[in-house]
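Derivation of every value follows stated rules applied to the coordinates shown; laboratory data play no part. All values derive from a computational prediction rather than experimental measurement. Methodologically, a virtual Cβ is constructed for each residue, glycine included, from the backbone with ideal geometry; neighbour enumeration extends over all protein chains shown.
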Amino acid sequence: EAGVVQSPRYKIIEKKQPVAFWCNPISGHNTLYWYLQNLGQGPELLIRYENEEAVDDSQLPKDRFSAERLKGVDSTLKIQPAELGDSAVYLCASSPSGGIEAFFGQGTRLTVV
Amino acid sequence: DQQVKQNSPSLSVQEGRISILNCDYTNSMFDYFLWYKKYPAEGPTFLISISSIKDKNEDGRFTVFLNKSAKHLSLHIVPSQPGDSAVYFCAASPQTGANNLFFGTGTRLTVIP
């Protein structure tokens, strides 16, 4: 069974530029998460989807971050414009509805210069 | 405010000995606890979990203990192997399931051959 797939693995952009991350969850997993992991910290939830509905986006900085999960499968996370402080690893995870554990992708390491 | 705390950023153990990783939490509404393991450049991988109705869960070399009155849990690895060297994250959820996982900052375990 294929795991959670994220792309790109690494991204370097200049500040004020836009950037987008893509995630393909495990087949059949209705719940999809985007987490942010800063250096030396644990992952922090940005947004959680149940199918195509964002059910928890309270931690998403909506002035510059946006996300979508069209058709309830793949998801994209966008930052526009990026700031130096956005440099971090962006992790996507999925689980079956009501699942006990989340399955994580390898993450996208973003560096803003 | 960090609701899940891992106060030891690193731990070194000799191969074959026991590794004990500790985690404390502050939110009494947490109902489910998980341990994740993370290798460099990979996403976190689920290791073991425990429900608040239990005080111990065992899976092969890995055992998690929960002390609800102390709001403390620990992960025991016996015997430790060099392949166990990784960063271990403790996570907690206020309800059964992976929704709204709160992570600690991680403990880097090094198993010395």
For chain B the mean separation of alpha carbon contacts under 8 Å (6+ apart) over residue count, i.e. relative contact order in percent, is 37 percent
Rounding to the nearest 20 debye, state how big the charge dipole of chain A is about its Cα centre with +1 on each Lys and Arg Cβ and -1 on each Asp and Glu Cβ.
-> 440 debye
Sort largest first and round to whole Å: the equivalent ellipsoid semi-axes of chain B, each the square root of five times a Cα gyration tensor eigenvalue.
-> 23, 15, 12
Per-residue average of other protein chain Cβ atoms inside 10 Å, peptide A:41-47 -> 6
Given A:29-38, B:10-19, the highest-first ranking by average Cβ count within 10 Å works out to A:29-38, B:10-19
Which net charge results for the neighbourhood of residue B:22, defined as the other residues with beta-carbon distances under 14 angstrom from its beta-carbon, given Lys and Arg at +1 and Asp and Glu at -1?
-> +2
By count of other Cβ within 10 Å, fewest leading, how are B:33, B:46 ordered?
-> B:46, B:33
Dipole magnitude of chain B about its Cα centre, charges +1 at Lys/Arg Cβ and -1 at Asp/Glu Cβ only, in debye to the nearest 20?
-> 100 debye
So for the pair residue B:26, residue A:111, with labels modelled 7 Å out along Cα→Cβ, what separation do we get in nm?
-> 3.5 nm
Would you check the protein assembly as shown for Lys pairs whose C-alpha atoms are within less than 22 Å, ignoring same-chain pairs closer than 8 in sequence, and give me the count?
-> 22
Work through the residues other than residue B:31 whose Cβ is under 12 Å from its Cβ and net out their charges, Lys, Arg +1 and Asp, Glu -1.
-> +2
Convex hull volume of the protein assembly as shown per residue (C-alpha atoms, cubic angstrom) | 124 Å³
Residue mean of other protein chain beta carbons inside 10 Å, A:90-102 | 5
To the nearest 20 debye, what charge dipole does segment A:64-109 have about its Cα centre, counting +1 at the Cβ of each Lys and Arg and -1 at the Cβ of each Asp and Glu?
-> 100 debye
Among residues other than residue A:33 whose Cβ falls under 12 Å from its Cβ, what is the net charge (Lys/Arg +1, Asp/Glu -1)?
-> -3
By per-residue mean of other Cβ atoms within 10 Å, what is the highest-first order of B:49-61, A:90-102, B:101-113?
-> A:90-102, B:101-113, B:49-61
